[in-house]
Amino acid sequence: MTVKFLIQAFKEEDYRGRSRHIISNEAELKLVGFDNDIASLKIMRGPDYQPGDVVRLYTDKDFTGKYVEVGPGEYPSVHKSPLDLGHKISSIEITSVHVPSSPAVPLIVQIFADRAFEGRRRTIVQDLTDFKLQDFDDEVSSLQIFAGPSHAGEVATFYQNPNFSGFTLEPADMGPGTSLANLREIPNKLNNRISSVRIHMPGK
């Protein structure tokens, strides 16, 4: 049996009076002798708890009516915010909600409008097809690249035109530790002429 939560429901506020333990969905609290009788709650993580697991407290049986979604914690009064369900809980559902995963950040690219990492700047952590989207088109005069939290060998390639086209800033594959204080010194003359950057594995 999967046990995501151990729920203790009390008849009175502040965890007083008779109580019931609940570890699974209860479509009708009347069957456990506690319909519309809950005044306070303790919700503890069970051995199978995962991030995103929640408890839904419904005003009607069969998981219908108004509901409030709560996580692990202590709720000394369901009459008060954030629950506001005083003596109106008739079913309890244990479910999961989507927890967005953190986006991968292989590289942290910092671009600057002036030489020596001065002036206006932007931080880029993913492909950028057009620097106009950052109000920074054809303005890059210096740049730095750092490893991101998910770095696995990725490099950055800078392009003259939007959508990864035109000349590339050489060398094309720049990894963490890159520090170019003056793009005027780069042979292909892309100072103030960079419009897109692609983050990728070398050779791909």
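For region 177-190, give me each residue that is within 11 Å of residue 114 (Cβ to Cβ) and surrounded by fewer than 19 Cβ atoms within 10 Å (Cβ to Cβ).
181, 182
I'm checking my understanding of the structure. Among residues of region 23-59 that are hydroxyl-bearing (Ser, Thr, Tyr) and touching a residue at least 40 places away in the same chain (Cβ under 8 Å), which one is nearest to residue 88 (Cα to Cα)?
This residue is 24.
Taking residue 104 as the residue in question, decide whether it is hydrophobic (A, V, I, L, M, F, W, C), in contact (Cβ under 8 Å) with a residue 24 or more places away in the chain and surrounded by fewer than 14 Cβ atoms within 10 Å (Cβ to Cβ).
The answer is no for residue 104.
Which ones in region 162-204 are farther than 20 Å from residue 120 by Cα and of a type in the set (Val, Ile, Thr)?
Selection gives 168, 186, 199.
From the list 58, 67, pick out the single residue that is of a type in the set (Phe, Trp, Tyr) and in contact with a Lys or Arg (Cβ under 6 Å, 6 or more places away or on another chain).
67
Do we find that residue 88 is touching an Asp or Glu at 6+ places or on another chain (Cβ under 6 Å), surrounded by 12 or more Cβ atoms within 10 Å (Cβ to Cβ) and in the same structural domain as residue 40 (by TED's automatic domain parsing) in this structure?
Answer is no for this residue.
Quickly run through region 21-34 and pick out the residues that are touching a strand residue (DSSP E or B) at 6+ places or on another chain (Cβ under 9 Å) and surrounded by fewer than 17 Cβ atoms within 10 Å (Cβ to Cβ).
Within region 21-34, 21, 23, 24, 25, 27, 28, 32, 33 meet the criteria.
The values are calculated or read from the model by the stated rules, or taken from the named source; none is laboratory data. Note that the structure is predicted; figures quoted are calculated from it, not measured. Note that we place each Cβ from the backbone using ideal geometry, even for glycine, and neighbour counts take in every protein chain shown.
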